[in-house]
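The structure under discussion appears below in the form of structure tokens.
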Amino acid sequence: MIELNIIKGRLESFRKKRIIFSVFLIYFAGLIFLMGVLSLNILFNRTFIKKTLNEIEAIKQKLSADSEKIAYIKENEKEMQTLLKGMDFFIEESDKRIQWAPILTFVGERIPAGVWLERFVSKEDTSQAEKKGEKAILISGYILPGIVNEREVIDRMVRTLSSGDIFSTVSLKDVKKVVETENNIELLTFQIECRLKQKRGAGNVAKESN
């Protein structure tokens, strides 16, 4: 009976030790797992923080470069404003003046045989058309001696110039016979008025004249 009690007591003591060991083992394993999770979390956070710091540094460098550009723009703003005003004035003055090069090219390509052009001048008047910004030029010339049907040649020239895209209207203003005193030759002179189409730049006129 005494031996049974001793054995029973030993078994009870062994069970307690086994339970304590199991609890300790579970606790220790849980602690190791928790430390592993925390280590991974710390490593991830360090990587994220390092990446964020690099991005912040890149943004700072970009802002620094942009700040230099902004400072340069501000320093040169007055000069740019002056240049822009000068360009506006140049464009405005250019629009007011007649662009002769495309006009001469256009007319030169359409001169009938036997016609000699003597003068191109801008027409200065204060008519309603001029007030609206429409420019006009006068073309003076004469028919070379020996040409048959002189009036028909002039009329054909007027029609040819009217069919182009540079002049809005072309009209015959004057036709008369004159005597060239040096050689005593009678010539038929003429004067044609051509009104330019509005809002035509030199580049557009030259392009259309081709």
*Any chance you could count how many residues in segment 156-196 are surrounded by 14 or more Cβ atoms within 10 Å (Cβ to Cβ) and at pLDDT below 85?*
1
*Quick check, is LEU104 within 36 Å of the chain's Cα centre (by Cα), modelled with pLDDT of 80 or more and not assigned by TED's automatic domain parsing to the domain that holds CYS194?*
no
*Of the numbered conditions (1) part of a helix (DSSP H, G or I); (2) modelled with pLDDT of 80 or more, LYS16 fails exactly one; give the number of that condition.*
(2)
_For segment 168-185, give me each residue that is of a type outside the set (D, E, K, R) and within 21 Å of ILE143 (Cβ to Cβ)._
VAL170, SER171, LEU172, VAL175, VAL178, VAL179, THR181, ASN183, ASN184, ILE185
*asked:* Give me the residue from segment 81-122 that is among the β-branched types (Val, Ile, Thr) and not in a helix (DSSP H, G or I) and, out of that set, nearest to LYS197 (Cα to Cα).
replied: ILE98
*Would you tally the residues in segment 146-155 being exposed (fewer than 14 other Cβ atoms within 10 Å of the Cβ) and either closer than 18 Å to ARG119 by Cα or at pLDDT below 85 (or both)?*
2
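The values are calculated or read from the model by the stated rules, or taken from the named source; none is laboratory data. If you're wondering where the values come from, they're calculated on a predicted model, not measured in any experiment. Note that we place each Cβ from the backbone using ideal geometry, even for glycine, and neighbour counts take in every protein chain shown.
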